[in-house]
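Notes to accompany the following structure.
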Amino acid sequence: VVERFPTTDVANGFFDAARFEADLIDCEVIGRVPAEITGTFYRLGGDWLYPPRFADDSPFNADGYISMFRIMDGSVDYKGRFVHTERYRAQRATRRQRFGRYRNPRGDDPDTGVINRTVANTTPFVFEGKLFALKEDSLPLLIDPDTLETLGEWDFGGTYTSPTFTAHPKIDPVSGEMICMGYEAAGEASNAVHVYGIGPEGRVNWRIDLTMPYVSMLHDFAITPNHIILPVYGLVTGRERLEAGEVHWGWDGRLPSHMAIIPRGGTSTNVRWFTGPPCAMVHVLNAVEQDGHIILDALVSDGNPFPFFPAVDGSRWCPQAALTTMRRLCFDLRGDDGMWTEEVLFPDAPGTLGRIDDRFASLPYRYAFMAYADPTRPYDMERAGPAPALFSNSYACFDLRERTMRSFFAGSAGALQECCFVPRHARAPEGDGFLIGVYSDFAERRSELLILDAQQPDAGPLARVVMPFRLSSQVHGVWAPGARARL
Ligand SMILES: [Fe+2]
């Protein structure tokens, strides 16, 4: 049992619990924030309100923390708040940790009274003017987009019926339809998956019920105009490990991976299944449909990407097998061998937090943007402390048509979090705009928001928004365009 906050001996303790909420008006800027940028960059991640009960817990069990950078007329305001989940409130009321390991209630105090255990720490998501904090073990939590106050669970007017909701819903940029799903939809460790289409008016239009080959983490998926492409891989759970009190996921490197290709608005009998080698496909970039084929660009590792989800056979975590590369998977819908072909696009740019210009989700596209680990760049352990197991030191714009990349190295004493693409304006061509993302300066123990030209990241930041404190770890972020009230 952990009695104090775990102090990491890496990165000068940069990712230790921060535990504060803050408003910062008109942040200090080095350089010039482009006048075209008007909108809000929302970030969601985890920060421990109280120390985790178990030293082997997953960092994904930290309490949700949502923050925003609101950018208008060249000036930037910042706000950060804990997500006030049921669990946050129960801890705050008693001033101590009351919950056990990651997504396993067996280590909880029996009298918390908490029904929804989510920490809501994964993805901020904007749909039809509403802001949500998502984590795939719960319904979405509605968040006030200006105050960041937590407003409660959202079930789309009672039309969404699964107890869980994906961390990576997709919006069809042409129809405005949102595609989403819930897994373990019939309860803990159940093999039921419900896939939904939600119309722009915010109500479920259709649902497809699926049974998976095994119960696994279904974290992300891609859409095309006609299909949903859902990867299944060996991060698994089951009654036995949960009854034993373990973290929700374990890694089974013997299991083949699978891909479900699901017709949008169809039925479960129309689903096509493909099988591949053991691997993890935690995040995808995009998918397109072309001449009876589906092309999926995804971020794939051959082994377990997460050191804190232990192998079910007790083997040690392998950093080399965790390295994730951008790959192009091709599915022939006319063939019947049930296999896919695979090509590594950028072998020297390992990273898992890839983004696109979201206006081109499901459509033919050319550019991807990603934080990645460039092994040829230096790391200054003397100033920054021992390096984390996995971290990114560079942002790049990847031209998937020309197979070229332009890269920005952030420095030898820090790390980059996921970036986000900001279109220059609503009608700008694909990839014309800015990259924004947070740099953690391990040596100075403070953070910066970096703003770069998305087509020329190698030219360096146009602006560095210098924060006087360190920002807690981000999982994902989202850009919401448009003017809103200043802080
Ligand atoms: Fe994710």
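Let me know the shape class of region 29-180, please: from the alpha-carbon gyration tensor, a ≥ b ≥ c as square roots of the eigenvalues, rounded when a/c is under 1.5, otherwise prolate if a/b is greater than b/c, or oblate. Because a/c hits 1.5 or more and a/b fails to exceed b/c, region 29-180 counts as oblate. Each part reduced to its alpha carbon centroid, region 15-80 and region 313-330 end up 29 Å apart. Per-residue ellipticity at 222 nm computed for the chain from its helices equals -1000 deg cm²/dmol, with DSSP H segments shorter than 4 residues left out and the rest contributing -39,500 (n - 2.57).
Footprinting exposure proxy ranking of His248, His425, fewest other C-beta atoms within 10 angstrom first, gives His425, His248.
Only sites in a loop by DSSP and with at most 12 other Cβ atoms within 10 Å count here; which trypsin sites (Lys or Arg not before Pro) in region 222-281 make the cut? Sites meeting the loop and neighbour criteria: Arg254. According to the square roots a ≥ b ≥ c of the eigenvalues of the Cα gyration tensor, what is the shape class of the chain, taking rounded for a/c under 1.5, prolate for a/b larger than b/c otherwise, and oblate for the remainder? Rounded, since a/c falls under 1.5.
Footprinting exposure proxy ranking of Phe409, Phe421, Phe156, fewest other C-beta atoms within 10 angstrom first, gives Phe409, Phe156, Phe421. The charge dipole of the chain, taken about its Cα centre with unit charges on the Cβ of Lys, Arg, Asp and Glu (plus for the first two, minus for the last two), comes to roughly 580 debye. When each of the peptides 275-286, 130-141 is scored by how many other beta carbons lie within 10 Å of its residues on average, the order from highest to lowest is 130-141, 275-286. Computed over Cα pairs, the Kirkwood radius of region 353-423 leads via Stokes-Einstein (1.306 mPa s, 10 °C) to a diffusion coefficient of 119 µm² per second. Quick check on region 132-287: take the gyration tensor over C-alpha atoms, sort the square-rooted eigenvalues as a ≥ b ≥ c, and tell me if it's rounded (a/c under 1.5), prolate or oblate. Cα axes put region 132-287 in the oblate bin.
The numbers here are math on the coordinates, done by the rules we state, and not lab data. Everything quoted here is computed from the prediction, not taken from an experiment. Note that we place each Cβ from the backbone using ideal geometry, even for glycine, and neighbour counts take in every protein chain shown.
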